[in-house]
1. For the stretch A:121-135, what does the Karplus curve 6.51 cos²θ - 1.76 cosθ + 1.60, with θ = phi - 60°, yield as ³J(HN,Hα) per residue in whole Hz, taken in order and with x for Gly and Pro?
2. Run the label-point distances for B:R128 please: 7 Å along Cα to Cβ, every other copy, nanometres, shortest first.
3. Which Cβ of chain A lies nearest the axis of the rotation superposing A onto B, and at what whole-Å distance?
4. Taking a threshold of 19 Å on the Cα-Cα distance, which of the pairs B:K239/B:K382; A:K321/A:K393; B:K245/B:K321 fall above it?
5. Relative contact order of chain A: what whole-number percent is it, with Cα pairs under 8 angstrom and at least 6 residues apart?
6. Roughly how crowded by other chains is peptide A:292-299, in terms of the mean Cβ count from those chains within 10 Å of each of its Cβ atoms?
7. So what's the stretch A:301-368 giving for Cα Rg divided by 2.2 N^0.38 Å, two decimals?
8. Can you give the FRET efficiency for A:Q126 and A:R364, using 1/(1 + (r/R0)^6), R0 = 22 Å, r = Cβ-Cβ distance, to the nearest 0.05?
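Read-outs: derived from the displayed coordinates by stated rules, not from any lab. Since this is a predicted model, take the numbers as computed values, not measurements. Here Cβ is always computed from backbone atoms with ideal geometry, including for glycine, and neighbour counts include all displayed protein chains.
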2 protein chains.
Amino acid sequence: MSKVLIIGAGGVGSVVVHKCAQVPEVFSEICLASRTLSRCENIQKSVKERTGRDIEIARVDADNVAETVALIKRVQPKLVLNLALPYQDLHIMDACLETGVDYLDTANYEPPDEAKFCYKWQWDYQSRFKEKGLMALLGSGFDPGVTNVYCAHAAKHHFDEIHYVDILDANAGDHGHPFATNFNPEINIREVTAKGKYWENGTWVETAPLSIKQSYDFPVLGPKNAYLMYHEELESLAKNIKGLKRIRFWMTFSDNYLKHLEVLQNVGMTGIEPVMFEGREIIPLQFLKALLPDPASLGPRTKGKTCIGCEVEGLKDGKPKKMFIYNVCDHEECYREVGSQAISYTTGVPAMIGAMMMLTGKWRGAGVFNMEELDPDPFMEKLNIHGLPWVEKVLA
Amino acid sequence: MSKVLIIGAGGVGSVVVHKCAQVPEVFSEICLASRTLSRCENIQKSVKERTGRDIEIARVDADNVAETVALIKRVQPKLVLNLALPYQDLHIMDACLETGVDYLDTANYEPPDEAKFCYKWQWDYQSRFKEKGLMALLGSGFDPGVTNVYCAHAAKHHFDEIHYVDILDANAGDHGHPFATNFNPEINIREVTAKGKYWENGTWVETAPLSIKQSYDFPVLGPKNAYLMYHEELESLAKNIKGLKRIRFWMTFSDNYLKHLEVLQNVGMTGIEPVMFEGREIIPLQFLKALLPDPASLGPRTKGKTCIGCEVEGLKDGKPKKMFIYNVCDHEECYREVGSQAISYTTGVPAMIGAMMMLTGKWRGAGVFNMEELDPDPFMEKLNIHGLPWVEKVLA
């Protein structure tokens with residue numbers, strides 16, 4: 001019986017609140033806080049209608065540590081779930097340290113002024129969380145998150161040695177707009193336009209943005225073009241999977257999506273450097289964001305499915321083995337259940353399960369943890385129960 | 001021996017000033033005026049270097065009739081050449097009427113707040129110019145302009161009846177940018193994204209933007225995709241060519257250009273309705289213009305040629321006849337001669353020749369005139385001398 005404070009009332013925050021509300025035996029009280037109170041009110045209303053439960057709401061500017069500290073002191077949660085912007089991770093971790101409360105997030109810290117993300121900033125909090133006997137669980141979404149747990153599961157149950165991992169993320173959803181991003185366009189476009197990077201034989205190999213692709217035959221979805229990208233779980237998995245030779249991440253994009261992205265880059269609309277316009281500085285990417293459909297508006301109109309999984313290759317009992325562990329999620333089913341499509345759903349459910357692991361004592365420890373460092377079994381069990389069932393297929 | 005006042009110091013204005021300066025026996029004195037004096041200074045300097053001639057310069061806001069009137073009174077020209085924005089045509093015509101000076105332009109009036117252009121507004125000045133004994137020559141560029149003269153030439157020398165006219169405008173220039181417009185992006189994109197329209201059997205037929213295309217085998221350039229568009233000379237030619245059955249206008253666009261345009265439209269970047277952004281109204285198309293390369297910067301880097309012509313079909317001596325009258329112009333040669341590429345050159349040279357026709361008395365009359373209403377012979381002769389030689393090819 002524990003109270004949680006959830007910060008962030010975007011698409012993922014909304015899923016997390018709905019899913020926590022479905023498990024009152026673990027999440028006895030829920031407080032949702034955001035910069036924009038009206039977003040919290042909408043979620044509060046939806047949760048009441050769908051589950052009959054009342055949740056508390058509050059306004060907070062998560063960039064302001066003192067304000068977050070005051071909120072935590074007032075709410076008295078056992079755990080803070082951070083579903084705000086990646087720019088705010090460190091501020092919320094600081095507030096947790098100051099108030100002595102455990103921490104969980106779904107995406108690693110990214111400085112607001114450069115398109116660069118890595119775990120260093122958050123791993124540097126290791127000793128401070130350890131000293132205080134607090135636990136910080138990093139990246140408890142789908143990718144990172146479930147993909148890390150899939151790797152831990154493969155290592156525990158299926159392989160003696162893992163040599164190659166390919167993480168594959170496909171979204172075959174159709175929202176009917178010529179172009180829109182599934183989450184915050186600013187974060188999305190910064191991610192997609194960044195250089196690709198993968199890890200091989202102990203070193204990182206950098207590639208031009210979207211320059212390497214393969215056609216991958218996804219279960220249920222069929223063949224899709226998947227592009228090599230850097231993704232944050234590569235950093236921790238390359239460190240934590242012993243004996244690994246190579247790990248890569250692939251995401252599918254339609255030709256139409258890439259065409260739009262190419263043109264917007266060509267004309268400078270994806271730039272994050274200010275441009276002078278009518279005597280004032282304007283950041284092109286932020287103006288583009290203002291023109292594009294609000295990702296929250298895509299939920300009711302998105303059809304189709306996602307498939308995200310890990311293709312793992314290595315040795316078992318001295319013989320080569322290859323398998324694919326994955327989940328398939330349906331946009332319309334997610335929307336019916338919690339009022340959000342699969343992109344938010346697949347990130348929000350694992351955040352709820354990660355919180356459940358911490359609050360029920362299945363996952364405990366002092367310090368900063370990535371998902372693959374903890375026992376995958378209880379987490380994998382809950383995935384099947386709470387809406388993200390997994391399948392494992394032996395390929396060779 | 002006459003003095004002219006040239007208003008507008010963009011790409012076309014610059015060509016007109018250079019070309020007029022090459023013919024001192026007609027253009028004995030030249031004054032160039034613009035909202036931005038520094039642009040005039042640059043052209044003044046270039047004209048001095050290239051021709052040794054001194055021209056006068058002045059600052060004027062052509063939207064302000066009183067200011068333009070004061071300038072005309074001070075400069076005392078025989079003719080005002082309007083090479084400013086199409087939004088300003090009526091203001092400058094008003095100033096000419098008030099001061100009793102002849103008028104010439106290259107593009108018809110377009111209201112600033114809607115993507116629509118037609119001659120009605122300017123034809124409505126007919127009686128006022130007539131009463132004052134003044135002449136206004138409309139559309140003395142290439143298209144409109146030379147294309148109208150080609151039609152008059154065909155009617156005078158090659159056909160007893162003209163039934164079909166197709167005007168074809170190809171630009172096979174390459175500026176090396178992924179996307180840029182050859183003249184003011186705002187005007188260019190408004191024109192290209194407008195509905196297509198052609199005239200057949202006495203009525204106008206409207207088509208979805210860029211929905212009708214043909215591959216046309218241009219002389220020198222070879223086959224290019226040409227798209228049916230509305231273009232202003234169709235309006236006057238449909239009225240002035242007796243017995244005409246159909247007239248259409250086609251412009252070539254590369255697949256790459258169209259891809260960029262489609263995406264920019266899809267995301268709303270070509271919109272002319274203001275969008276609220278950070279508490280202020282921003283017109284997306286104007287912000288896009290600020291991001292794109294300045295058309296003036298394309299001159300030194302554009303290679304390749306343009307080809308613009310009229311395919312005319314009808315009867316001569318009772319037999320069917322078909323011919324193509326055209327000009328081919330080279331971007332780099334234009335740049336060497338006057339410091340501008342072929343798009344500005346092909347518009348600016350006919351403006352100079354039109355002015356020459358008026359000042360030398362070859363073309364005279366009181367009222368508002370389109371080019372095809374006047375004798376084509378002296379104009380066609382000057383095209384060959386002043387940089388836009390024409391070719392006529394009998395096709396059938």
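1. Going residue by residue, I get 4, 7, 4, 5, 8, 3, 5, 5, 5, 4, 4, 8, x, 9, 10 Hz, with x marking Gly and Pro.
2. 7.3
3. A:V263, 2
4. On the way: B:K239/B:K382 26 Å; A:K321/A:K393 11 Å; B:K245/B:K321 15 Å.
Long pairs (Cα-Cα over 19 Å): B:K239/B:K382.
5. On the way: 835 pairs, mean separation 80.3, N = 396.
It comes to 20 percent, rounded to a whole number.
6. On the way: counts 3, 2, 0, 0, 0, 0, 0, 0.
For peptide A:292-299, the averaged partner shielding equals 1.
7. Working: Rg = 16.8 Å, N = 68, 2.2 N^0.38 = 10.9 Å.
Relative to the 2.2 N^0.38 Å estimate, the stretch A:301-368 comes out at 1.53.
8. Details: r = 16 Å, r/R0 = 0.73.
So the FRET efficiency works out to roughly 0.85.
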